[in-house]
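Written out below as structure tokens is the structure these notes cover.
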Amino acid sequence: MELAISSARESVSEGSGSLSPRQLVEIYRLMLLSRRVDDREILLKRQQKIYFQISGAGHEALGVGAALAMRPGYDWFFPYYRDRALALALGYTPADMMLQAVGAATDPASGGRQMPTHWGSRSLNIVSLSSSTSTQLLHAVGCAEAGRYFSLHPEAAAETVSDYRAFRDVTFHGDEVVYASVGEGSTSQGEFWEALNTASNKKLPVLFCVEDNGYAISTPVEVSTPGGNISRLVANFPNFFFVEVDGTDPEASFRAFQAAVAHCRAGLGPAFVHGHCMRAYSHSLSDDDRLYRPQAERDADQLRDPLVKMRARLLREGILTEDELAAQEQSVEQEVSDAADRALEAPLPKVEDVTLHVYSEDLDPTSSAFATEQPSAPGSVSGGKAGRAPSVEPRTMADLINACLHDEMRRDPRIVVYGQDVADASREAALAEVKGKGGVFKLTAGLQTEFGSERVFNSPLAEANIVGRAIGYALRGMKPVVEIQFFDYIWPAMHQIHNELSLLRWRSNGQWACPVVIRVPIGGYLTGGSIYHSQSGESLFTHIPGLRVVMPSNALDANGLLRTAIRCDDPVLFLEHKRLYRETHDRAPYPGPDFAIPFGKARIVRPGVDITLITYGALVPRSLQAAERAKREHNIDVEILDLRSLNPYDWEAIAASVRKTSRVIVAHEDMLSWGYGAEIAARIADELFDSLDAPVRRIGSLDTFVAYQPILEDAILPQPDTILKAILDLKAY
Ligand SMILES: Cc1ncc(C[n+]2csc(CCOP(=O)(O)OP(=O)(O)O)c2C)c(N)n1
Ligand SMILES: [Mg+2]
């Protein structure tokens, strides 16, 4: 099969003449193979030997047409679950598919972790897909951006030792094309439009394919798409090549893809292939389309079945006889049946390996390699805005985050920084006259001026766009350090963070990874910040496996932890408390360009023997105030632990302190109920019960939102007095 399809591919690239009989036979064979794998899976599902089935039946012609027009292992692929024929035509085997269907350890895409049809292959550049519709379109955009970046800066592809780059093989080609497909129903997702936006704006070589089978499960196209035709809605995006094609005809599909690929490869911009195909079976084996499609409609659709039509063509044109078709059918059946038999015998995944690849197995961000001990000698300076002053001067958290970004971008050409308003000025010419914006909090000030607009740029006002593209960049070996302007607006990116960013490594059984850093200003105590500029909510993110969550409380920690975040091989959510950005009490001298702090290491802010107070973020200075008063006014000696990183967190430090004091308070700014403290308190109660002389106490904000009027904000958020009262109560217990 490999040989056949590559010979088809070779000769089709020669020109636009008709396909040869041999090529048509090969195309039909691939379509048939795809259908028969579906049929075999359906049988296996009915026999309860596999656990889920969704078919590519009716989409085969489009898939084979696309694959023939592209280069496997050279171009990049972000397909969706109906792309079985595409995968087979790229070189995926029926055995690979069957291994996933049975959930075998040797399933090459996921090691038994994902449902069937969730393709993934490093050698073929098929990026592991999720079940979420349309998320992958943004990954495709970021992937294309990374390919372009490496082509323009090949030196950036060089491997280095000692950080995440050691684990990323970078390959790129100046004329590579990125394929990304979805069903017509999925074009309603915002991420579809966000992907078209950036691909169009940046003239990226992304080939979007909409496989329009007229239904999204039971919802017909006119319900999802105003006017019923997506091509009409997207027609005004600049720089695109558009084509609408009969996706049940493999030759027409191939020609459409050939023209689309040529446009992308020539660097003219993205392409949009809208293929009208059909659904030969119900949506999945869990669906029965007789419940919502009249018989006449289903019958009419069956007349468009690409397999039936292609078979008829081969006969009509005298390319194959009935006997030859029967022989081909038999050989395909045999291949599929052998693949199924082998898969049913395949070893199952080991239960003890189930948490492998939640995080990087290669680089441990808690390791001592990230403990650079002391800041380097005073007198060293960081260039860039923050570094212009002598480093012996104490600098704010904002300054030292900015200095770290400057240092790291100098060190590593693979770092790109983008987000809303992070550039100094998108219109470069303006920079001759203006100072530059550099972020609404000025944390990225001067980066564009020093590193240029290719590496530091503004994104559209779309948070899923920011995170989704970052995933695409990172899986190619780049290091995106992106900014979400306010924690309060991270929610449109939550889908990307929860279902994609944190999951890619695990669901692909370690084949793919996307170690992105997301910097996010968070928190309240702003006097007027109100509901939408004061939110906390870190526990929603520490609850996501695969994601590191860090929250420094002072300038030095912010500098050292951000450096570790950037050099880490896992995705990191880096939470920066806005109220702490420019406080004078948490300042520190610039610690030098290699200062790093490992994750999962708490800092003892204040040693004490009577009570352990576990906290982080803006509650560190407030806890310190309360503890000083407790000592001064009541002679209670409180030990304060600043966790600094929330996932992983420093259980050893917690346990050692609680064993010493036997009394413990967990304090945070976020709401009390289901907050971060609940987990810590529960674990202390569970594992340190014998060391406790009193119940574990928690402090958090009221279970409500943060109000605008300062007297309300003060009442809602925990204050030093709240903490002092808890200290006194607990000591008296
Ligand atoms: C974000 C998201 N929402 C809902 C679903 C559930 N779902 C799976 S497939 C599907 C319909 C998709 O229709 P379409 O995009 O037309 O693709 P088709 O299955 O018709 O090829 C839905 C609603 C999902 N997988 N992801
Ligand atoms: Mg559909």
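The values are calculated or read from the model by the stated rules, or taken from the named source; none is laboratory data. Quick caveat, the model's predicted, so the values are computed rather than measured. Here the Cβ is made from the backbone with ideal geometry for all residues, glycine too, and neighbour counts use every protein chain on show. To get the accessible areas, we keep the full protein, side chains included, count just its heavy atoms, and leave off ligands, DNA and RNA. Shrake-Rupley method; radii C 1.70, N 1.55, O 1.52, S 1.80 Å.
Among the residues of the stretch 181-231, how many are within 21 Å of the chain's Cα centre (by Cα), more than 15 Å from ligand 2 (Cβ to nearest atom) and open to solvent by 30 Å² or more (accessible area, probe 1.4 Å)?
5
Please identify the pairs in which a residue from the stretch 489-504 that is in contact (Cβ under 8 Å) with a residue 60 or more places away in the chain and under 15 Å from Gly537 (Cα atoms) has its Cβ atom under 6 Å from the Cβ atom of a residue that is of a type in the set (Asp, Glu) and crowded, with 23+ Cβ neighbours inside 10 Å, counting only partners at least 6 apart or on another chain.
Once the first residue is in contact (Cβ under 8 Å) with a residue 60 or more places away in the chain and under 15 Å from Gly537 (Cα atoms) and sits in the stretch 489-504, its partners that are of a type in the set (Asp, Glu) and crowded, with 23+ Cβ neighbours inside 10 Å give Pro492/Glu463.
Return yes or no: is Glu297 of a type outside the set (Val, Ile, Thr), within 16 Å of ligand 1 (Cβ to nearest atom) and surrounded by fewer than 15 Cβ atoms within 10 Å (Cβ to Cβ)?
Values: of a type outside the set (Val, Ile, Thr): yes; within 16 Å of ligand 1 (Cβ to nearest atom): yes; surrounded by fewer than 15 Cβ atoms within 10 Å (Cβ to Cβ): yes.
When the stated conditions are applied, Glu297 passes them.
For Arg410, are the conditions met, namely being in contact with a Leu (Cβ under 6 Å, 6 or more places away or on another chain) and at pLDDT 95 or above? Reasoning before the result, please.
Working: in contact with a Leu (Cβ under 6 Å, 6 or more places away or on another chain): no; at pLDDT 95 or above: yes.
Here the answer is no, as Arg410 does not meet what is asked.
Could you list, in sequence order, the residues of the stretch 426-454 that are crowded, with 20+ Cβ neighbours inside 10 Å and closer than 21 Å to Asn201 by Cα?
Matches in the stretch 426-454: Gln448 only.
Working only within the stretch 195-213, note down all residues that are away from ligand 1 (no atom under 14 Å from the Cβ) and of a type in the set (D, E, K, R).
Of everything in the stretch 195-213, those that are away from ligand 1 (no atom under 14 Å from the Cβ) and of a type in the set (D, E, K, R) turn out to be Lys202, Lys203.
Checking Tyr616 against (1) open to solvent by 50 Å² or more (accessible area, probe 1.4 Å); (2) in contact with a Lys or Arg (Cβ under 8 Å, 6 or more places away or on another chain), which single condition isn't satisfied?
(1)
For the stretch 164-238, please list each of the helices (runs of 4 or more DSSP H) lying entirely inside it that holds at least 2 residues being hydroxyl-bearing (Ser, Thr, Tyr). Even if it seems obvious, please write down each step before you answer.
Values: elements: 190-201, 221-224, 230-234.
Passing ranges, in order: 190-201.
Which of the residues belonging to the stretch 281-302 are in a helix (DSSP H, G or I) and over 20 Å from Arg35 (Cβ atoms)?
Once the filter is applied, which keeps residues that are in a helix (DSSP H, G or I) and over 20 Å from Arg35 (Cβ atoms), the stretch 281-302 yields Arg290, Leu291, Gln295, Ala296, Glu297.
Looking only at the stretch 578-602, how many residues end up being within 21 Å of Gly675 (Cβ to Cβ) and not aliphatic (A, V, I, L, M)? So that I can check it myself, show each step before the final result.
The first filter runs over the stretch 578-602 and keeps only residues within 21 Å of Gly675 (Cβ to Cβ), leaving 578-580, 599-600, 602.
Of the ones still in play, those that are also not aliphatic (A, V, I, L, M) are 578-579, 599-600.
Number satisfying all stated conditions: 4.
Only one of these is part of a helix (DSSP H, G or I), within 16 Å of ligand 1 (Cβ to nearest atom), out of contact with any Leu (no Cβ under 6 Å at 6 or more places or on another chain) and among the aliphatic types (A, V, I, L, M): Leu138, Leu129. Name it.
On the way: Leu129 fails: part of a helix (DSSP H, G or I).
Residue meeting the stated conditions: Leu138.
Restricting the search to the stretch 647-659, which residues are farther than 30 Å from Ser360 by Cα and either buried (at least 24 other Cβ atoms within 10 Å of the Cβ) or in contact with a strand residue (DSSP E or B) (Cβ under 7 Å, 6 or more places away or on another chain) (or both)? Give the steps one after another, and end with the answer.
Taking the stretch 647-659 first, the residues farther than 30 Å from Ser360 by Cα are 658-659.
Across the stretch 647-659, the qualifying residue is only Val658.
Suppose we filter the stretch 525-544 for residues that are farther than 19 Å from Val620 by Cα and assigned to a loop (DSSP other than H, G, I, E, B); how many remain?
The number of residues fulfilling the criteria is 5.
List the pairs whose first member sits in the stretch 39-67 and is at positive phi and within 16 Å of ligand 2 (Cβ to nearest atom), whose second member is assigned to a helix (DSSP H, G or I) and open to solvent by 50 Å² or more (accessible area, probe 1.4 Å), and whose Cβ atoms are under 8 Å apart, counting only residues at least 6 apart or on separate chains?
none
As an exercise: evaluate Ala156 against (1) over 15 Å from Gly472 (Cβ atoms); (2) more than 16 Å from ligand 1 (Cβ to nearest atom); (3) out of contact with any Phe, Trp or Tyr (no Cβ under 9 Å at 6 or more places or on another chain) and give the number of the one condition it does not meet.
It is condition (3) that Ala156 fails.
Regarding the stretch 603-617, can at least one residue be identified that is of a type in the set (Val, Ile, Thr), more than 27 Å from Gly524 (Cα to Cα) and in contact with a strand residue (DSSP E or B) (Cβ under 8 Å, 6 or more places away or on another chain)? Working first, answer last.
Residues of the stretch 603-617 of a type in the set (Val, Ile, Thr): 604-605, 609, 611-612, 614-615.
Of the ones still in play, those that are also more than 27 Å from Gly524 (Cα to Cα) are 609.
Now restrict to residues that are in contact with a strand residue (DSSP E or B) (Cβ under 8 Å, 6 or more places away or on another chain): 609.
Yes - at least one qualifying residue is present in the stretch 603-617.
Of the numbered conditions (1) within 16 Å of ligand 1 (Cβ to nearest atom); (2) touching a Ser or Thr at 6+ places or on another chain (Cβ under 9 Å), Glu176 satisfies every one except a single condition; which is it?
If we test Glu176 against (1) within 16 Å of ligand 1 (Cβ to nearest atom); (2) touching a Ser or Thr at 6+ places or on another chain (Cβ under 9 Å), just (1) comes out false.
Can Gly147 be described as assigned to a helix (DSSP H, G or I) and either touching a His at 6+ places or on another chain (Cβ under 9 Å) or within 16 Å of ligand 2 (Cβ to nearest atom) (or both)?
Values: assigned to a helix (DSSP H, G or I): yes; either touching a His at 6+ places or on another chain (Cβ under 9 Å) or within 16 Å of ligand 2 (Cβ to nearest atom) (or both): yes.
Answer is yes for this residue.
Between residues in the stretch 213-240 that are closer than 20 Å to Ala256 by Cβ and at pLDDT below 95 and residues that are within 11 Å of ligand 1 (Cβ to nearest atom) and in a loop (DSSP other than H, G, I, E, B), which pairs lie under 9 Å by C-beta distance while being six or more apart or on different chains?
Going by the 9 Å Cβ cut-off, there are no qualifying pairs.
Yes or no: the stretch 252-263 includes at least one residue that is in a loop (DSSP other than H, G, I, E, B) and either among the charged types (D, E, K, R) or crowded, with 17+ Cβ neighbours inside 10 Å (or both).
Step one: list which residues in the stretch 252-263 are in a loop (DSSP other than H, G, I, E, B), which gives none.
Looking for residues that are in a loop (DSSP other than H, G, I, E, B) and either among the charged types (D, E, K, R) or crowded, with 17+ Cβ neighbours inside 10 Å (or both), one finds none in the stretch 252-263, hence no.
Identify, please: which residue in the stretch 239-248 is in a loop (DSSP other than H, G, I, E, B) and away from ligand 2 (no atom under 16 Å from the Cβ) and is, among those, most open to solvent (accessible area, probe 1.4 Å)? Write out each step before concluding.
Of the stretch 239-248, the ones in a loop (DSSP other than H, G, I, E, B) are 239-240, 247-248.
Retained after the next criterion (residues that are away from ligand 2 (no atom under 16 Å from the Cβ)): 239-240.
Values: Asn239: 61, Phe240: 24 Å².
Only one residue tops the list, namely Asn239.
Of the residues in the stretch 402-423, how many are open to solvent by 10 Å² or more (accessible area, probe 1.4 Å) and assigned to a loop (DSSP other than H, G, I, E, B)?
Total meeting the criteria: 3.
Can you name every one of the helices (runs of 4 or more DSSP H) wholly within the stretch 44-114 that holds 2 or more residues which are within 13 Å of Met31 (Cα to Cα)?
Numbers: elements: 60-69, 84-90, 94-102.
Of the helices (runs of 4 or more DSSP H) lying wholly inside the stretch 44-114, those with at least 2 residues that are within 13 Å of Met31 (Cα to Cα) span 60-69, 84-90.
Could we say that Val234 is within 16 Å of ligand 1 (Cβ to nearest atom) and among the hydrophobic types (A, V, I, L, M, F, W, C) here? Walk me through how you get there before you give the answer.
Details: within 16 Å of ligand 1 (Cβ to nearest atom): yes; among the hydrophobic types (A, V, I, L, M, F, W, C): yes.
Yes; evaluated as a whole, the condition is true for this residue.
Could you pull out the residue among Ala85, Ala109, Ala144, Ala105 that is under 20 Å from Glu333 (Cα atoms) and at pLDDT 95 or above? First the steps, then the outcome.
Numbers: Ala109 fails: under 20 Å from Glu333 (Cα atoms); Ala144 fails: under 20 Å from Glu333 (Cα atoms); Ala105 fails: under 20 Å from Glu333 (Cα atoms).
After applying the criteria, what remains is Ala85.
If I ask for residues that are more than 22 Å from Gln496 (Cβ to Cβ) and surrounded by 23 or more Cβ atoms within 10 Å (Cβ to Cβ), which ones from the stretch 524-553 would you list?
Residues satisfying the conditions are Gly524, Ser534, Pro552, Ser553.
Kindly indicate which of Leu268, Leu320 is outside any helix (DSSP H, G or I), farther than 29 Å from Met115 by Cα and within 39 Å of the chain's Cα centre (by Cα). Talk me through it step by step, then tell me what you get.
Numbers: Leu320 fails: within 39 Å of the chain's Cα centre (by Cα).
One residue alone meets the criteria, Leu268.
Name the residue, out of Gly112, Gly103, Gly120, Gly174, that is away from ligand 2 (no atom under 16 Å from the Cβ), under 29 Å from Val416 (Cα atoms) and surrounded by 21 or more Cβ atoms within 10 Å (Cβ to Cβ). Quick ask: steps written out before the conclusion?
Details: Gly112 fails: under 29 Å from Val416 (Cα atoms); Gly103 fails: under 29 Å from Val416 (Cα atoms); Gly174 fails: surrounded by 21 or more Cβ atoms within 10 Å (Cβ to Cβ).
The conditions single out Gly120.
Return yes when Ser662 is on the phi > 0 side of the Ramachandran plot and crowded, with 16+ Cβ neighbours inside 10 Å and no when it is not.
On the way: on the phi > 0 side of the Ramachandran plot: yes; crowded, with 16+ Cβ neighbours inside 10 Å: yes.
For Ser662, the condition - on the phi > 0 side of the Ramachandran plot and crowded, with 16+ Cβ neighbours inside 10 Å - is met.
Give the residues of the stretch 482-503 that are more than 18 Å from Thr198 (Cβ to Cβ) and either assigned to a loop (DSSP other than H, G, I, E, B) or open to solvent by less than 10 Å² (accessible area, probe 1.4 Å) (or both), sorted by residue number.
Scanning the stretch 482-503 gives Phe486, Phe487, Asp488, Ile490, Ile497, Ser502, Leu503.
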